[in-house]
Amino acid sequence: MKNIIVKSSLALVAVTGSGMLAGFSCVPAASAATTYTFTGISDTLGGSSSYATAINDAGTIVGYARNTPNSDRAYSYSGGTMTNLGTLGGTGSYFATGVNSSGEVVGSSGTGAFIYTTAGGMVNLGTLGGTGSYEVTGVNSSGEVVGWALGGINSAFSYTTAGGMVDLGTLPGSSMSFAKGINNSGEVVGGVGTNTVGGLNAAFSYTAAGGMVNLGTLPGSSGSFANGINNSGEVVGYVVTTYTAGGLTEAFSYTTAGGMVGLGTLGGTSSLASGINDFGVIVGSSTNAAGISNAFIYTGGAMTDLNSLITNLPTGFSLTGVSAINNLGDIVGTGFNAQGQPEAFLLTPTTATPEPTTLAVLGIGGLGLLLRRRVA
């Protein structure tokens, strides 16, 4: 079985996707449904594979589909229909990685970072200067975009229409930073790193008022990276426990009050958390005892293999990676179908989770991709 977890030269792991995007800050932790129905997103815009990276509370899914062997196209998917979002010009690949409550889609391409609206089409977000590439990873309800620049700058950024693209800097002891998620309060999370032996590799949170803060790591681990944050300020990601070939990781959750907590694995040696909703339900991927990467859901202090919770999983389909979960409990990710091709999927809970608008709002709190996955 192919493994959906990707490792970088810094041993920082990420799953294609974005942080939590839309929703409200709500009373904590509704229970996850015990079972889910599976919907394969088999439309590939004429190619062989599809990938889902994010979903908003309206159920709009975004991602990319490989329509030729060397070309990917960003899409949005709603009501059973996939829409090609077009290009900024040229013939390179395009990847949609975030969508907010207004349906604004963000992503990356060889031409530049972009934001897409139905009314305005695809718009280039500009640069921090230089000619490097730009990876976009998330957008919040206000349209604030986050990601990072590579190629000379190697720095996390945020973008607003009013202020343009702003360099978020890094932490002392590191030489590069990567923004991976943003919540509706504008709190950004990600990681810093260095190519220097003994340099700092650490998860961070960033606010305009407080700057960049090191979130630390777990005992016995040597680095950390944050993948997502919800509207209550709960952060998820992974720590690096071993830098040997293949690397070993463990998923974590983090709160200001409780610090960083390891989530364990599905019986294997590695796990990572890629998303969290406003109820504190966490999704990600983990190896099992056989070394196979499987998608998981974590709630009530327990990690469960999502493959065991699907009522209609097609024969031969394996859920290997999860990108995001929304506040209705809908989950998106990418697995492998019976033909061995990557295929995006949607998991819908069979027991409905109360909508955030029906719950008491407590107020807005603080609320995979160092290498973009290339699966042949």
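Label positions at Leu150 and Ser42, each projected 7 Å from the Cα along the C-beta direction, are separated by 3.3 nm. Estimated at 0.36 nm per residue, the fully extended path between Ser102 and Ala257 surpasses their Cα-Cα distance by 52.6 nm. Distance between the C-alpha centres of the stretch 36-107 and the stretch 210-228: 30 Å, rounded to the whole angstrom.
Approximating the spin labels as points 7 Å out from Cα along Cα→Cβ, the Thr311-to-Ala338 distance works out to 2.2 nm. Using 14 Å as the cut-off for backbone N distance, which residues of the stretch 39-55 belong to the label zone defined by a point 7 Å from the Cα of Ser71 along Cα→Cβ? Answer for the stretch 39-55: 45-48.
For the peptides 329-338, 271-280, 174-183, the ranking by mean Cβ contacts within 10 Å, running from highest to lowest, is 271-280, 174-183, 329-338. One chain, two ends: Thr351 and Asn214. Fully extended at 0.36 nm per residue, the span grows by 45.5 nm beyond their Cα-Cα distance. Compared with the alpha-carbon gap, the fully stretched path from Ala290 to Ser142 is longer by 48.9 nm at 0.36 nm per residue. Inter-label distance, Ser175 to Thr91: 3.6 nm, where each label sits 7 Å from its Cα along the C-beta direction.
Every number in this text was worked out from the coordinates using simple rules, so none of it is lab data. In this text, all values refer to a predicted model and were calculated from it rather than measured experimentally. Because the Cβ atoms are built from the backbone with ideal geometry, glycine has one as well, and the counts that use them run over all protein chains shown.
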